[in-house]
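Taking it in order: structure first as structure tokens, then the write-up.
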Ligand code: ADP
Ligand code: MG
Ligand code: MG
């Protein structure tokens, strides 16, 4: 059973990798408006490292917990940038909520995602309205908290909230990260980290509903 979960985790990371490779130019263009233009590149470096590590660990017989904890460490190490540190911590946090021995349950997945967003909030220190990924992640977390039943459906509903919130970041000026020095320029363009977050969790909802 643990092998099934580890293989599923690795398969989903492969899907996220394809998504981010496709989004790379668009995320880069968004980040170039008020940031340094490397968000697409950073996310692709991170997910490629995370996916490769997950493949190796799964082949070596590791369970879901170890696969995700190691994948998170690889993401942080290879991606660089603010988002790299935060996504690495998020993956490691999700893994920490799972077991290596038993099959991952729907309730564990929901709890793990809530805790991963809390880790991002704690580490980054950003608040909703600062125009960061937290603007999308907090409505996602709030929608998931208390959700029961099928994880895929609960994540899909929460991902729709994240998407609406990510799109709305276009209306505000950035305060955190590099964007804070060019905040006014960012009005009219959504935050790239909020957009990548919403796209990833939308894909996750689809993958877990299938
Ligand atoms: P860098 O800013 O180091 O170049 P990236 O371009 O990969 O890193 O990521 C930029 C994204 O990181 C921003 O669009 C924003 O969503 C997110 N971000 C920046 N600072 C924070 C923070 N303190 N907390 C949460 N997210 C942040
Ligand atoms: Mg950047
Ligand atoms: Mg950078």
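The table below lists the values:
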item	result
Residue match in segment 95-105 (condition: away from ligand 2 (no atom under 16 Å from the Cβ), under 12 Å from the mean Cα position of the chain (by Cα), in contact (Cβ under 8 Å) with a residue 24 or more places away in the chain and crowded, with 20+ Cβ neighbours inside 10 Å)	no
Given (1) part of a helix (DSSP H, G or I); (2) surrounded by fewer than 19 Cβ atoms within 10 Å (Cβ to Cβ), index of the condition residue 161 fails	(2)
Test result for residue 82, in contact (Cβ under 8 Å) with a residue 60 or more places away in the chain and out of contact with any helix residue (DSSP H, G or I) (no Cβ under 6 Å at 6 or more places or on another chain)	yes
Hey, residue 116 closer than 13 Å to residue 201 by Cβ and in contact with a helix residue (DSSP H, G or I) (Cβ under 7 Å, 6 or more places away or on another chain) or not	yes
Test: residue in segment 122-133 that is within 13 Å of the chain's Cα centre (by Cα), within 16 Å of ligand 2 (Cβ to nearest atom), modelled with pLDDT of 95 or more and buried (at least 18 other Cβ atoms within 10 Å of the Cβ)	yes
Lone unmet requirement of (1) away from ligand 2 (no atom under 16 Å from the Cβ); (2) more than 17 Å from the chain's Cα centre (by Cα); (3) farther than 17 Å from residue 17 by Cβ for residue 56	(3)
Selected residue (only one of 27, 45 is within 16 Å of ligand 2 (Cβ to nearest atom) and farther than 28 Å from residue 143 by Cα)	45
Filtered residues of segment 42-64 (kept if outside any helix (DSSP H, G or I) and without any contact (Cβ under 8 Å) to a residue 12 or more places away in the chain)	60
Scope segment 21-31; condition more than 16 Å from ligand 3 (Cβ to nearest atom) and buried (at least 18 other Cβ atoms within 10 Å of the Cβ); matching residues	23
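The values are calculated or read from the model by the stated rules, or taken from the named source; none is laboratory data. In this text the structure is predicted, and so the values were computed from the model without any measurement. Here the Cβ is made from the backbone with ideal geometry for all residues, glycine too, and neighbour counts use every protein chain on show.
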